[in-house]
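Colleague: Can you keep this structure in mind? I'll have questions shortly.
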Amino acid sequence: MLALQSIDFSIAPKEFAAILGPSGCGKSTLLNMVAGFDAPTHGRVLAGGVAVTGPDPRRAVVFQEAALFPWYTVLDNTTFGPKTCGVPAATYLPRVAAVLEQVGLTGFERHYPAELSGGMKQRVAIARVLVMEPEMLLMDEPFGSLDAQTRSVMQELLLSVWERSQQTVLFITHDVEEALLLADSVSVMTARPGRIKKRLTVELPRPRSLDVTMSPVFNELKREVLALIRDESLRVAREG
Amino acid sequence: MRRLPWFLLPPLILLGVWDLTVRWQWVAPGIIPAPAQVAESWYWWIFGAPTRSLSPYSGTWTANVLYSARRVLQGFGLAAVLGIPLGILIGWNRLVARVVDPSIQLLRPVPITAWLPFSIAVFGIYDASALFLIGLGAFYPIVVNTTHGVRDTHLLLLRAARMLGAQRLTILVKVVFPSALPAIFTGLRLGIGVAWTAVIVAEMIAVKSGLGYVLWDAYYVGRMDICVATMFSVGLLGFVSDRLIVLASRVALRWRTLEAHA
């Protein structure tokens, strides 16, 4: 089956780019190709001008499920990356402590994932990629399985983390408000085969907080995105 | 009510039925020994009887238990040492799986009892024969469960490890092995059960010591009380060794039994 077609998409360094699309539009496939888990049948994926041939710690991924190693404590999950990449403990331990502090997990270092709530697990998942100091952060609906309240807490957390580190982010979501709240640009995808229908720039001042969702600019953008999505759903319904 | 040891009810009923069967002679007398008689014989078998020092069984229980336990431990250990790495290889490498797995699946249905003549012919009436049978019997559940455990490793965890920079060996040691560990323990539990079955079979025929040998010998000389005491002994030892593995798995798999309190 054709998942994606003629995707021509690029992200500027330090850009927070969101991809918005209905489920099954192939947005996860796109992320998996950027991550190096899947290879495109046609075309190529470049990261920093170099062709992507496989996963690389410079392009770290946060999945929808936390995907933590259940047999490791929070600390061991967070040090897995630096240890594996041969970073000396003296270098990564202070970094790990700082990142855990940033995501509010100080004091939980010895806990196992089974002892944590969904939101806390996802914080560990974010922490373990942040300590890698990746050039690019790939996030595949990272808050999609959390309840509404935890989700907004996590969105604010991500905002504060990102506004400090300013990494390039590719963020996949089907939540319009989430995309507009977090990103510099929102690309709306069409249903299968997935294409990028339109890319909007989110001109909202930073640092942002949840209050931004009340502003007129935000709501104007939201209307525009929702109209795009409705057009698309109607087209699919007509052709379906 | 809930705290009472209800699990004792079925054995007590069984014991009662057994006692009445003998007492009221529901079967011809002399075939089944009474529970009390089994208990007494078992006691003398363990601790020795000064007045019955002529009995060939008096005080020999411990020695025979040690014979059997050592064979089980050695055979089972051999099966684990070979079965776990091989299971990991089969589960991890498609080429190994294609070459080795069909042979294992073809040999697996051959019961260990069917291997007895072969084993005696090749290894003689020695320990090696018993170890071969025990090891072979325990090997299958260990290798099969390990393979399944390795194959069941969650794709997302493999991807997570890869994007964190892990190469194949690191993934195998730090992700696939711990992920397969619960299945490996299941294999070990099944394996130890088979090992106790195999040791009795082997000792009945292929060697001249141990509980299996006593069982068959006692049957030949009409000592059903010793036979039944042997059955209880084997059951008890099997139970204890299974509990030990469960205990080890609880320690090794502590991360699974924890509960969220956040």
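The values are calculated or read from the model by the stated rules, or taken from the named source; none is laboratory data. Note that the structure is a prediction, hence the values are computed from the model and not measured. Ideal geometry is used to build each Cβ from the backbone, glycine not excepted, and the neighbour counts take in all protein chains shown. These accessible areas exclude ligands, DNA and RNA; they are computed on the full protein's heavy atoms, side chains included. Shrake-Rupley method; radii C 1.70, N 1.55, O 1.52, S 1.80 Å.
Colleague: Can you give the charge dipole size of chain A about its Cα centre, rounded to the nearest 20 debye, using +1 on the beta carbon of Lys and Arg and -1 on the beta carbon of Asp and Glu? Show your work: numbers first, answer last.
Modeller: Working: 25 positive and 27 negative charges, 82 e Å.
It comes to approximately 400 debye.
Colleague: How many times 2.2 N^0.38 Å is the alpha carbon radius of gyration of the range A:120-240? Present the calculation step by step, with values, prior to reporting the outcome.
Modeller: Values: Rg = 15.3 Å, N = 121, 2.2 N^0.38 = 13.6 Å.
Normalised Rg, Cα atoms only: 1.12.
Colleague: Now for a different question. Calculate the mean, over all residues of peptide A:64-74, of how many other protein chain Cβ atoms lie within 10 angstrom of the residue's Cβ. Intermediate values should be presented prior to the final figure.
Modeller: Working: counts 1, 4, 2, 9, 3, 9, 8, 12, 4, 1, 0.
Average per residue, whole number: 5.
Colleague: Ok, one more. For chain A, modelled as a Gaussian network with Cα springs under 10 Å, which listed residue fluctuates most, A:73, A:84, A:106?
Modeller: A:84
Colleague: Also: Using r as the Cβ-Cβ distance of residue B:31 and residue B:155, and R0 as 60 Å, what FRET efficiency do you calculate, to the nearest 0.05?
Modeller: My answer for the efficiency is 0.50.
Colleague: Which entries in the list A:27/A:222; A:83/A:121; A:27/A:83 go over 28 Å, if you measure between the two C-alpha atoms of each? Walk me through the intermediate numbers first.
Modeller: On the way: A:27/A:222 20 Å; A:83/A:121 20 Å; A:27/A:83 31 Å.
In this structure, A:27/A:83 exceed 28 Å between Cα atoms.
Colleague: Suppose all protein chains stay in the model; what accessible area per residue would a 1.4 Å probe give for chain A, in Å²? Intermediate results must be reported in sequence, preceding the final value.
Modeller: On the way: 11040 Å² over 240 residues.
Each residue of chain A exposes 46 Å² on average to a 1.4 Å probe.
Colleague: Explain nothing, just the number: dipole magnitude of the range B:1-114 about its Cα centre with +1 on each Lys and Arg Cβ and -1 on each Asp and Glu Cβ, in debye rounded to the nearest 20. Show your work: numbers first, answer last.
Modeller: Details: 9 positive and 3 negative charges, 68 e Å.
Using Cβ point charges on Lys, Arg, Asp and Glu, the range B:1-114 gives about 320 debye.
Colleague: Now, a different point. Using only protein heavy atoms and a 1.4 Å probe, how much accessible area in total is buried between B and A, to the nearest 100 Å²? Intermediate results must be reported in sequence, preceding the final value.
Modeller: Details: alone 16100 and 12200 Å², together 25860 Å².
The contact between A and B buries close to 2400 Å².
Colleague: Partner chain Cβ atoms within 10 Å, averaged over the residues of A:109-120 - can you pull that number for me?
Modeller: Numbers: counts 0, 0, 4, 6, 3, 7, 6, 4, 3, 2, 1, 2.
The shielding value for this peptide is 3.
Colleague: Treating chain B as a set of equal point scatterers at the Cα positions, no solvent, please give the Debye-formula log₁₀ I(q)/I(0) at q = 0.12, 0.16, 0.17 Å⁻¹.
Modeller: -0.87, -1.19, -1.26
Colleague: Can you send over the carbon and sulfur percentage of the accessible area for the range A:1-111, probe radius 1.4 Å, protein chains only? Write out the running numbers ahead of the final one.
Modeller: Numbers: 2890 of 5340 Å².
Here carbon and sulfur together make up 54 percent of the probe-accessible area.
Colleague: I would also like to ask the following. Would you work out the charge dipole size for the range A:123-185 about its Cα centre, treating the Cβ of every Lys and Arg as +1 and the Cβ of every Asp and Glu as -1, and quote it to the nearest 20 debye?
Modeller: On the way: 4 positive and 11 negative charges, 53 e Å.
Here the range A:123-185 has a charge dipole of around 260 debye.
Colleague: Which percent of the accessible heavy-atom area of chain B goes to carbon and sulfur, probe 1.4 angstrom? Walk me through the numbers before you get to the answer.
Modeller: Details: 10350 of 14820 Å².
Solvent-exposed carbon and sulfur of chain B make up 70 percent of the total.
Colleague: How much accessible surface area, in Å² rounded to 10, belongs to the heavy atoms of residue B:250 with a 1.4 Å probe?
Modeller: Using a 1.4 Å probe on the heavy atoms, I get roughly 140 Å².
Colleague: Only sites in a loop by DSSP and with at most 10 other Cβ atoms within 10 Å count here; which trypsin sites (Lys or Arg not before Pro) in the range A:53-138 make the cut? Spell out each step's value before the answer.
Modeller: Details: sites: A:58, A:59, A:83, A:95, A:110, A:121, A:123, A:128; in loops: A:58, A:110.
Qualifying residues, ordered by number: A:110.
Colleague: With unit charges on the beta carbons (Lys and Arg positive, Asp and Glu negative) and the dipole taken about the Cα centre of the range A:36-142, which residue among A:62, A:117, A:52 sits farthest to the positive side?
Modeller: The residue sitting farthest along the positive end of the dipole is A:52.
Colleague: Compute the accessible area per residue over the range B:111-189, keeping the other protein chains in place, probe 1.4 Å, unit Å². Write down the numbers at each step before the final one.
Modeller: Values: 3340 Å² over 79 residues.
Per-residue accessible area for the range B:111-189 comes out at 42 Å².
Colleague: Please name which of B:181, B:246, B:205 has its Cα lying farthest along the dipole of the range B:131-262 towards the positive end, using unit charges on Cβ (Lys, Arg +1; Asp, Glu -1) and the Cα centre as origin.
Modeller: It is B:181, whose Cα lies furthest towards the positive end.
Colleague: Average partner chain C-beta neighbours within 10 Å, per residue of A:52-62?
Modeller: Values: counts 0, 0, 2, 9, 3, 5, 2, 1, 4, 6, 2.
Mean shielding count: 3.
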